[in-house]
Each structure stands twice: as structure tokens, then as C-alpha cells.
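Report on the structure given below.
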Amino acid sequence: MSNTPALCSDVSEALPLFLPQNLYLKPTAKLNISVQMPQLKVPGKSISNWEVMEKLKTMIKPDHFTVLKVAKSALDFVRFEGDTENRSIIPTLVARVDGKTLKLSGFSEQLKIRSCEAKISFPSRHDWEAYFRDAKHMNEMKPGERPDTVHLEGLPTKWFAERFDKHKDKPSENVLRKVFETFGEVRCVDVPCLDPYRKENTTSQGIATFSFGQDLFFDAFVQYKEYLAFVKAMSALRSMKLMYKDTDGKAYVASIKVFIYFFT
């Protein structure tokens, strides 16, 4: 799963979120690398993305990628997406590869590389203000019909379980509320997976379906009483990963998705 928590060896950029639950926020550090592909003049000849990635890994040493994957592949270029531990080293990594070239075995051409810090998709203040301003059926005096609710996907269940819960197989609405009251007073929280009636509605044709890891992560809605608290939460979560420090001192990070809940 893409948001499976990963071991984090460098916590220098972590910011406290809710220390009683050992939760922190850590900046997302991601860069895009586009490599120009050579023309394939010989039938049956192919290009090894693995070889390209190994050469890119060598070019950024002594630093390293925590994840390097193909983001887009076309006839004339391949774009890779690389994650690193810290955002502060992104400019250094970009400088090591941007404008440089690499050579693949079996090809005479030098392949040009372009790189930049990746833009993280996240709702902007303009997005939500424009939506609620232009929505004719909304009443900004009513909760949920104004920008006040944060929708989160991919929260690790164990990180939001009660501390005394030995199994930690269910998130706690109480813990969720406390964590996000960091930004201001919360009106209410909603965790759909804790509602047995909604879980029944997820079955297909009356037959319960199971997706690997569906209980390892959960989605949640957090509604704030005041607009300022909502803005603080959205600003703090922008371009951030969630980080958890275990009792053994190890730290783990998980990518989460953040949306604005639009009442319809």
C-alpha cells in the first residue's frame, strides 16, 4: 500500500503535533526527475528503467532516495518521482542531476536530465473560499455549509488507538478529537469505520468484501467550530506526512491525504 508507514531514520525536521500520542508532522520531501529517452532504432531493443534508476541513485550520493519510482512513461521521456528523508536537501539533490546527462548500456546518446522539487497536490485557501462563496445552496451560518471540515484519508489505525488498548485494532474518536484540537476547538469528529451500519453498506450484493489492509488505516472527518481553527489545521497539514515515535524510540512516517469536506 502506498501509505504503509515507513521507518524514518532522520527526525530533525519533525514538528510536534500531539505529544501524548507521540504524533508529529514531517515535511514531504519529493522531487521529479525527467530523463530524455533515446530513439529506439533497432526492433526489439528496450530501455531498462531499473538501469536508469540505479544511475540516478549513484548521481545523488552520498545522499539517497527512500523511494524512487516511475511516475510517467512516454516514448520520448520517463519521469521518476523520488522521496528523501529531509526537505532541506532537495535543492542539493536537484543540483546534482538537473541539466546533467547519463548514458545507458547499448546506446550511444547521452540522455539529458531535468529535475525540480515536486509540487504536492493540496487544497488551497482560494479553492475552498471560491467554492463556498459561489455555492448558492449553502448557508454559511450552518456548520458543514462553510469551510470548517477536514477530510483525512489513510490515517494509521494503531496511531489513533487508545494507549491502554492492547490490540490497537480500532481508532478512537476521542484520540482523534484530542489530536486535532491542537488547532482549535472541534465541534465533532466522524470515523465511518466505527459505524457498523455504514460498514454493512460497503458490502457488494450482500457479500462482505475484504481489501488487504483495510483495518490498518482509516478515514476521518474533523469539523471545527471556528473558521480560524480550520485554516490553522489545513495550513499545518499542507505538504506534510504524519510521523509516529514508537515506545522503542523508532520513528515511522505515513503519507495521508487531506481534503475539504463539501456538504452536498
| task | List every residue pair whose Cβ atoms sit under 9 Å apart, with the two residues 6 or more apart in sequence or on different chains, where the first one lies in segment 71-94 and is farther than 23 Å from Ser48 by Cβ and the second, anywhere, is of a type in the set (Gly, Ala, Ser) and open to solvent by 80 Å² or more (accessible area, probe 1.4 Å). | result | Glu85/Ser9; Glu85/Ser12; Asn86/Ser12; Ser88/Ser12
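Being without any contact (Cβ under 8 Å) to a residue 40 or more places away in the chain, open to solvent by less than 80 Å² (accessible area, probe 1.4 Å) and on the phi < 0 side of the Ramachandran plot, is that true of even one residue in segment 113-126? Steps first, answer last, please.
Within segment 113-126, the first condition is being without any contact (Cβ under 8 Å) to a residue 40 or more places away in the chain, and the residues that meet it are 119, 121, 124, 126.
In the following step, the residues that additionally are open to solvent by less than 80 Å² (accessible area, probe 1.4 Å) were identified as 124.
The next check asks that each one be on the phi < 0 side of the Ramachandran plot; those that pass are 124.
Yes; the residues of segment 113-126 include at least one that is without any contact (Cβ under 8 Å) to a residue 40 or more places away in the chain, open to solvent by less than 80 Å² (accessible area, probe 1.4 Å) and on the phi < 0 side of the Ramachandran plot.
For Ala251, state whether it is open to solvent by less than 30 Å² (accessible area, probe 1.4 Å), at pLDDT 95 or above, closer than 22 Å to Arg125 by Cβ and aliphatic (A, V, I, L, M).
Details: open to solvent by less than 30 Å² (accessible area, probe 1.4 Å): yes; at pLDDT 95 or above: yes; closer than 22 Å to Arg125 by Cβ: no; aliphatic (A, V, I, L, M): yes.
Against the criterion (open to solvent by less than 30 Å² (accessible area, probe 1.4 Å), at pLDDT 95 or above, closer than 22 Å to Arg125 by Cβ and aliphatic (A, V, I, L, M)), Ala251 does not qualify.
Assess whether Arg96 counts as being at pLDDT 80 or above, surrounded by 13 or more Cβ atoms within 10 Å (Cβ to Cβ), over 19 Å from Gln223 (Cα atoms) and in contact with a helix residue (DSSP H, G or I) (Cβ under 7 Å, 6 or more places away or on another chain). Break it down into steps so the answer makes sense when it comes.
Numbers: at pLDDT 80 or above: yes; surrounded by 13 or more Cβ atoms within 10 Å (Cβ to Cβ): yes; over 19 Å from Gln223 (Cα atoms): yes; in contact with a helix residue (DSSP H, G or I) (Cβ under 7 Å, 6 or more places away or on another chain): yes.
Spelling it out, Arg96 is indeed at pLDDT 80 or above, surrounded by 13 or more Cβ atoms within 10 Å (Cβ to Cβ), over 19 Å from Gln223 (Cα atoms) and in contact with a helix residue (DSSP H, G or I) (Cβ under 7 Å, 6 or more places away or on another chain).
Residues of segment 221-248 being open to solvent by less than 20 Å² (accessible area, probe 1.4 Å) and either under 23 Å from Ser12 (Cβ atoms) or in contact with a Cys (Cβ under 9 Å, 6 or more places away or on another chain) (or both), which ones? Lay out the reasoning, then the answer.
Quick first cut of segment 221-248, residues open to solvent by less than 20 Å² (accessible area, probe 1.4 Å) only: 222, 224, 229-231, 233-234, 237, 242-243.
Answer for segment 221-248, where residues must be open to solvent by less than 20 Å² (accessible area, probe 1.4 Å) and either under 23 Å from Ser12 (Cβ atoms) or in contact with a Cys (Cβ under 9 Å, 6 or more places away or on another chain) (or both): Val222, Leu237, Leu242, Met243.
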| What number of residues in segment 32-45 are open to solvent by less than 20 Å² (accessible area, probe 1.4 Å) and at pLDDT 90 or above? | 2
| Filter segment 4-31 for residues that are buried (at least 16 other Cβ atoms within 10 Å of the Cβ) and polar (S, T, N, Q); which is nearest to Glu85 (Cα to Cα)? | Thr28
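The values are calculated or read from the model by the stated rules, or taken from the named source; none is laboratory data. Remember, it's a predicted structure, so these values are computed and weren't measured experimentally. Backbone-built Cβ (ideal geometry, glycine too); neighbour counts: all protein chains shown. When the accessible area is computed, the model is the full protein with side chains, heavy atoms only, and any ligands, DNA or RNA have been set aside. Shrake-Rupley method; radii C 1.70, N 1.55, O 1.52, S 1.80 Å.
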